[in-house]
Amino acid sequence: MKAFSAVGERVPVIDGKEKATGEAKYASDLKLPHMLYGKILRSPHAHAKILNIDVHRAKKLPGVKAVITANEAPKTKWGAFIQDQTLFGIDKVRYIGEEVAAVAAADAYIAEEALGLIQVDYEPLPAVFDPEEAVLHGAPLIHEAARDNIALRLEFNRGDVVKGFNESDHVFEERFMTSLVHQGYTEPTASVASVDVNGRITLWAPFQYIFTAQRRLAQALNLPSSKIRVIQTKVGGGFGGKTADENSIPICCLLSQATGKPVKMVLTREEEFVAGRPRVPAVIYLKMGVKKDGTFMAKEVKLFADNGAYSGKGPSTMKTAAMRPDSLYRLKNIKTEALLVYTNKVPTGAYRGFGNPQGTFALESMVDIIADRLHLDPCDVRLKNAVQTGDTTAHRWHIRSCEYSQCIKEASAAVRWRERKENKQKGIGVGIAGCIHACGNRHFGMDGSNIFIRFTEDGKARIISGEGDIGQGINTVLTQIAAEELGIPVQDVEISTADTDLTPFCLGAFASRLTTMAGNAVKLAAADAKQQLFDIASRLLEVHPEDLLCKEGIISVKGSPTRSLTVGAVVQAGLFKLAKGDILGKGFFNPDSEVADPESHYGNISPTYQFSAHAVVVRVHEETGKVEILDYVAAHDSGRIMNPTIAEGQIQGGVAQGIGYALLEDMQIRMGKVLNPNFTDFKVPLAPDLPPIRTIMIEAEDPQGPFGAKGLGESTIVPAAPAIANAIFDAIGVRMKNLPFTAEKILQAIKMDSKH
């Protein structure tokens, strides 16, 4: 096999073969001796008192081993940021789908039958489903301990907003709405829990992070975290949806505790929709003041974020929607009020982009509205205001590397922007939108990574990491970075499974952090291990360690390549001849980012930031309202690209999700009930719906990243919806401000526009 210079090469994904052949083991594939199967009974009411639960008939069904309700569960309130949910509804339920009881049985069919034998008496209560209505005086109160339905209020001012608007030549105001969408991962949430004789739980689950999941489960189950071991299984897609926020997995643990047997819980697709944690929808009122040349002078936002019945990741998602887009431009005067509002709907949470798609949809649509009203080119307006390397933004973000302007230039050139603007064709339009996203997001003292590298007796390097791969290919990238730093072939590097018992503490996959954080940590661990190798080799070759180099697994003396030893020979000599013990390199990276001040919200939350600009060409069929995407170009500044194949896949996948967000996806809810809880009725883009997606990588090396790399995954989805909205306007002169842009909405907008 060819030995790669690992970084920057198209190294195949290391678990690609087992996934392609079906050998990969997901949580739903696991089977333990004497294993039982769990099912959950869910509320049919959006808001109701629980008067009585009768489980006697269910318990008598042959094959049923346990039936539990809130009476058998901890009453502890838990949650990622606001502790407002319990494992089962206590006294009342707050959304259709809330957990009321659970069953463990010999097989899934018996468990399902047992659910039908549980009798629950409810007293329906008034409900509220619209976040703007939920904040009004007299709205039904969803959480009795609170004074109102506002879970969190965020307010801040930057600069002098009044002065900024007064000095503006024009002021524009618009209202935007984003939709409720599911992450759409292929693998449903699944888990296997097994309790040993000492009461310790071992849990296999497709979490995006194992240590945070361990801590959150300990909170929900009222146990010490040491009583829970979490092992990450293969993850069949996460996109923010598998972050230990919903109740099914801790309930699986409860069932194992109740029976003393292993229990498997696999949600149905309908359960994923009615009780998962879909993207937070938002209503955004945006006001912007500008000079006549397009210079941004002031920005004011009022945002209503729909939390659903419980908080989960809602608080941080809302903050991201309200703040992150601000740093894309040189905005100095900003006033923001954002409300996270309880409603009697499915709780919402994290989805790729984590609030940024909502806020960026409003801002990047408004940029085009400004350009149109002032008769300016949208690209020129963006370039005039774009943030640059060396800037400190209004929120005190330090921009250490930034090729956003170059992204705009290259994406627009690729779709022949100027030519299309000068030679308009009926029904065909071109649009562009940009994005800034973090490469990490510091919430507490640590936002870094902790990784070990151990050499095996035969000279292979094994990365010991708890960060976990969720399908984005980070394990492959980490092996490339380790191989590059060690000077060994990439095929001589392996990586562990994420396991809270066996891998060092880390934070896992979120906030596009892993290339920067874990990449730096593995590079440091490799450098440490390499120094230990050289210390041993220097004694064997009778030279100073600094006189050695390692290339393709051979350690040799500089200038004397024949004086050499294999890495394996050096490791064995260290173990047996010199009795040095294991070579174990340790890498801990904690960047110089900071926790934002809780009052002012100032703070450089990430060591670096990624940028992108997407340009799209569409044809809009005015007779049907159908939008056809003719061309799509995604230009990204993600530093040096570690693996072009993985990077291209990330961009294409993110764009596909962004197209779905823009044109198709919408969880339809009527009186709190999800009407389309499946992939037949909840439309996601299929291959025929997608155009060829062209990628442009602008590889300006980042000073903070390993070998100059930085994050990529989330900036791929963010610009899609506003870019498509802007292209639709360019095609037919109709501004779409309410996601998704379905054919019906476009036809209605065309009719409304013709009346005016």
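Working note: Karplus 6.51/-1.76/1.60 with θ = phi - 60° gives region 673-683 the couplings 9, 6, 8, 10, x, 6, 7, 6, 9, 8, 7 Hz, where Gly and Pro are set to x. Using Cα positions and a limit of under 30 Å, work out the lysines in reach of Lys65, with same-chain residues fewer than 8 apart set aside. Within reach: Lys25, Lys31, Lys39, Lys49, Lys75, Lys77, Lys92, Lys227, Lys234, Lys242, Lys261, Lys264.
Of Lys19, Lys737, Lys426, the sequence from fewest to most neighbouring Cβ atoms within 10 angstrom is Lys426, Lys19, Lys737.
Using all pairs of distinct alpha-carbon atoms, the Kirkwood hydrodynamic radius of region 637-756 works out to 16.6 angstrom. Tell me whether region 4-154 comes out rounded, prolate or oblate; compute the Cα gyration tensor, take square roots of the eigenvalues as a ≥ b ≥ c, and use a/c under 1.5 as the rounded threshold. The shape class here is oblate. Give the relative contact order (percent, whole number) for region 501-635; include only Cα pairs under 8 Å separated by 6+ residues. Once normalised by length, the contact order is 18 percent.
For Arg539 and Asp29, what is the calculated FRET efficiency with R₀ set at 51 Å and r taken between the beta-carbons, to the nearest 0.05? For Arg539 and Asp29, the calculated efficiency is 0.60. Only alpha carbons enter this Debye calculation for region 66-144, each as an equal point scatterer, and the log10 of I(q)/I(0) it gives at q = 0.12, 0.14, 0.18 Å⁻¹ is -0.48, -0.62, -0.91. Once the Kirkwood radius over Cα pairs is known for region 685-739, the Stokes-Einstein relation at 25 °C and 0.890 mPa s delivers a diffusion coefficient of 171 µm²/s. Please list, ordered by chain and number, the residues whose modelled amide H lies under 5 Å from the amide H of Glu403; skip anything fewer than 5 residues away on the same chain. HN-HN under 5 Å from Glu403: empty list. Annotation: amide H-H contacts under 5 Å for Ala6 (H modelled 1.01 Å from N, sequence separation of 5 or more, or interchain): Glu484.
Span-like helix criteria (full DSSP H runs; alpha carbon extent of at least 30 Å along the helix axis; mean Kyte-Doolittle hydropathy of at least -0.5) are satisfied in the chain by 514-541.
For Cα pairs less than 8 Å apart in space and 6+ apart in sequence, what is the mean separation divided by the residue count of region 111-243, i.e. the relative contact order in percent? Contact order relative to length: 18 percent.
When you work out D = kT/(6 pi eta Rh) for region 175-265 at 4 °C and 1.567 mPa s, using the Kirkwood radius from C-alpha pairs as Rh and the Stokes-Einstein form, the result is 94 µm²/s. Among the GluC sites (Glu not before Pro) in region 433-484, those placed in a DSSP loop whose Cβ has at most 15 other Cβ atoms within 10 Å are Glu457. Near the amide H of Phe81, within less than 5 Å, lie the amide hydrogens of Gly312, all on another chain or at least 5 residues away, with H placed in the peptide plane.
For Lys75 and Phe679, what is the calculated FRET efficiency with R₀ set at 25 Å and r taken between the beta-carbons, to the nearest 0.05? Calculated value: 0.10. For the pair region 151-224 / region 689-720, the C-alpha centres are spaced 23 Å from each other.
Helix content alone sets the calculated 222 nm mean residue ellipticity of the chain: runs of n ≥ 4 DSSP H residues at -39500 (n - 2.57) each, divided across all residues, give -8000 deg cm²/dmol. Shown here: the chain, whose C-alpha atoms stretch 87, 74, 48 Å along the first, second and third principal axes, sorted largest to smallest.
Since every read-out is calculated from the coordinates, none of them should be taken as a lab result. Computed from a predicted structure; not experimentally measured. Positions of Cβ are generated from backbone atoms using ideal geometry, with glycine treated the same way; all protein chains shown enter the neighbour counts.
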